[in-house]
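**Q** Dumping the structure here so I can ask a few things about it.
The values are calculated or read from the model by the stated rules, or taken from the named source; none is laboratory data. Please read all numbers here as calculations on a predicted model, not as lab measurements. Ideal geometry is used to build each Cβ from the backbone, glycine not excepted, and the neighbour counts take in all protein chains shown.
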Amino acid sequence: MDPDPPNPQPAEANPKPPRESVAETLPRLVFGRNPKRTLIRVGAMILVAFVALKFALTPIRVTGMSMYPGYRDGNLNFINRWSYARSEPGRGDVVGVWVPDMNAIFLKRIIGLPGERLALVGGWMMIDGEPLEEDYLHDPRDWTADIGLLAEDEYFVVGDNRSTSMNRHYYFVVKREQILGKVLFDKTTKGE
């Protein structure tokens, strides 16, 4: 008598497809199931980033200690170039200022507005003879200077860290067109 033949294993209802190699899988992982749509999305993202960084935002790396403690040396921030499209710069705004003589952008705070008479007395800003309350100011020293009367399109900008001597610090009377825009992430506003 012949022994019973072995029972064949029942066939699986859904057989597993052969395993794909990495070389076959990689294009689908990179481009998704629809490579044309993925390339269009990537192109659109690149275009939006280009327009935003060219016309709306200007990246700026803080260099130096003139805006310490709110802005530390080496930090990255952005200048919103559209911040003054519908309004004028205001006192206390931290802005990017283009200084063509130095071919540089400086991060400074607006202190003096058009038409005001300014002077530094003992490290404190005097506007039309009255002291300006500057709670963001870091360790003021004995800076003394008569800045004078600002014209109708001029602003006075200076850093918050006035702990060094005046001759080691940049401060400027700038025209309105030199103010590129307001800093996007202002770390020195009240309530933070």
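**Q** For Y84, work out the one condition from (1) of a type in the set (S, T, Y); (2) farther than 13 Å from M67 by Cα; (3) modelled with pLDDT under 90 it doesn't fulfil.
**A** (3)
**Q** Okay, next question. Any residue at all in segment 142-158 that's assigned to a loop (DSSP other than H, G, I, E, B), loosely packed, with under 13 Cβ neighbours inside 10 Å and in contact with a Ser or Thr (Cβ under 7 Å, 6 or more places away or on another chain)?
**A** No, segment 142-158 has no match at all.
**Q** Turning to a different aspect of this structure: Could you figure out which of (1) within 20 Å of the chain's Cα centre (by Cα); (2) exposed (fewer than 15 other Cβ atoms within 10 Å of the Cβ); (3) of a type outside the set (D, E) isn't true of G115?
**A** (1)
**Q** Name every residue in segment 40-83 that is part of a helix (DSSP H, G or I) and either in contact (Cβ under 8 Å) with a residue 40 or more places away in the chain or among the aromatic types (F, W, Y) (or both), in order of residue number.
**A** F50, F55
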